[in-house]
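Chemist: Just passing along the structure, written as structure tokens.
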Amino acid sequence: MRVLIIEDERKVADFIQKGMQQEGYAVDIARDGEDGAYQATSIEYDVVILDLMLPKLSGLEVLAGIRAHKLSLPVLILTAKGSLDDKVKGLDTGASDYLVKPFAFAELSARIRALLRRGHQETPVLRLADLEMNTVTREVARGGTRIDLKPKEFSLLEFLLRNAGRPVTRTMIVEHVWDIHFNAVSNVVDVHINSLRSKIDRDFPVALIHTLRGVGYVLKDESSC
């Protein structure tokens, strides 16, 4: 999952970025309204965390611009402006949720997960064959056996599960699992795929992760075809 933080307070933005990265999210930061509006409307994100008091463009102006281009993109307003009038304006402009500073990171994280579940209109459990992932508890199991994944491995598997049966290119993976500063010529995608295979497929009779030569990868259960 890829997150955009639009926040001009460096300490706040860096704090959120660190916490979200530890949970396996790919995180980009925009430090003013103009950059935030550009990134939000030109790059594919799964959720946006938006401050209201920003240089160049206000948060409400950024939000209105996002809604003019992307009606369904979840946007969580995170701001020190906590009056009822401010909340009403934010929600009326198109915010998906509203959280007032100071905040607990655990609550922010829970709200982000809720927005992502709402956006995908599904239960928190993703399944393919005997592979299960709970996106809330962040537990993964195959054939009833628990599998421990590192944060990036979890994010990569989640992306593959959400696209089960559909080919995904390395570019698609990078755009959803790594941030804007990722080195596109790196082999890190292949390294993480191989690591996932060793945990998801190695000890089971049916492989689920398949390489499509010249294309990328696909997660599917060929035994049911």
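Chemist: How many residues does segment 127-142 contain that are at pLDDT 90 or above, touching a strand residue (DSSP E or B) at 6+ places or on another chain (Cβ under 8 Å) and not acidic (Asp, Glu)?
Modeler: Qualifying residue count for the region: 8.
Chemist: Does Ala30 satisfy the condition of being modelled with pLDDT under 95, touching a strand residue (DSSP E or B) at 6+ places or on another chain (Cβ under 9 Å) and crowded, with 21+ Cβ neighbours inside 10 Å?
Modeler: In short, no.
Chemist: Under 9 Å between Cβ atoms, at least 6 apart or on separate chains: pull out the pairs that start in segment 37-50 with a residue that is touching a residue at least 60 places away in the same chain (Cβ under 8 Å) and end on any residue that is of a type in the set (Asp, Glu) and in a loop (DSSP other than H, G, I, E, B).
Modeler: Ile49/Glu7
Chemist: Within segment 97-120, identify whether any single residue is outside any helix (DSSP H, G or I), loosely packed, with under 14 Cβ neighbours inside 10 Å and touching a strand residue (DSSP E or B) at 6+ places or on another chain (Cβ under 6 Å), and answer yes or no.
Modeler: no
Chemist: Return the total of residues in segment 40-84 being crowded, with 19+ Cβ neighbours inside 10 Å and within 21 Å of Glu175 (Cα to Cα).
Modeler: 12
Chemist: Considering each of Thr137, Thr171 in turn, give the residue that is exposed (fewer than 14 other Cβ atoms within 10 Å of the Cβ), closer than 24 Å to Lys70 by Cα and not assigned by TED's automatic domain parsing to the domain that holds Gly59.
Modeler: Thr171
Chemist: Next up: Report yes if some residue within segment 77-85 is aliphatic (A, V, I, L, M), free of Cβ contacts under 8 Å to residues at least 12 places away in the same chain, farther than 19 Å from Glu158 by Cβ and in a helix (DSSP H, G or I); otherwise report no.
Modeler: yes
Chemist: Among the residues of segment 6-23, which ones are closer than 15 Å to Val177 by Cα and surrounded by 19 or more Cβ atoms within 10 Å (Cβ to Cβ)?
Modeler: If the condition is that a residue be closer than 15 Å to Val177 by Cα and surrounded by 19 or more Cβ atoms within 10 Å (Cβ to Cβ), then Gln17, Met20 are the ones that fit.
Chemist: To continue, here is another question. On the basis of being at pLDDT below 95, in a helix (DSSP H, G or I) and either touching a His at 6+ places or on another chain (Cβ under 8 Å) or surrounded by 14 or more Cβ atoms within 10 Å (Cβ to Cβ) (or both), does Ser155 make the cut?
Modeler: yes
Chemist: Next up: Do any residues in segment 189-208 that are over 16 Å from Trp178 (Cα atoms) have Cβ atoms under 7 Å from those of residues that are of a type in the set (Gly, Ala, Ser) and at pLDDT below 90, where the two are at least six apart or on different chains, and which pairs are they?
Modeler: Val206/Ser223
Residues checked against (1) modelled with pLDDT under 90; (2) in contact with a strand residue (DSSP E or B) (Cβ under 9 Å, 6 or more places away or on another chain):
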position: Ile180; (1), (2): yes, yes
position: Ala184; (1), (2): yes, no
position: Asp201; (1), (2): no, yes
position: Thr211; (1), (2): no, yes
position: Tyr217; (1), (2): no, yes
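Chemist: I'd like to check something: does segment 53-70 contain any residue that is in contact with a strand residue (DSSP E or B) (Cβ under 9 Å, 6 or more places away or on another chain) and among the polar types (S, T, N, Q)?
Modeler: No, the conditions are met nowhere in segment 53-70.
Chemist: Suppose we filter segment 43-76 for residues that are under 14 Å from Asp32 (Cβ atoms) and in a strand (DSSP E or B); how many remain?
Modeler: Residues flagged as under 14 Å from Asp32 (Cβ atoms) and in a strand (DSSP E or B) within segment 43-76 amount to 1.
Chemist: Kindly indicate the residue of segment 1-27 that is assigned to a loop (DSSP other than H, G, I, E, B) and closer than 25 Å to Phe159 by Cα and also modelled with the highest pLDDT among those meeting that condition.
Modeler: Tyr25
The values are calculated or read from the model by the stated rules, or taken from the named source; none is laboratory data. In this text, all values refer to a predicted model and were calculated from it rather than measured experimentally. Quick reminder, even Gly has a Cβ in these numbers, built from the backbone with ideal geometry, and neighbours come from all protein chains shown.
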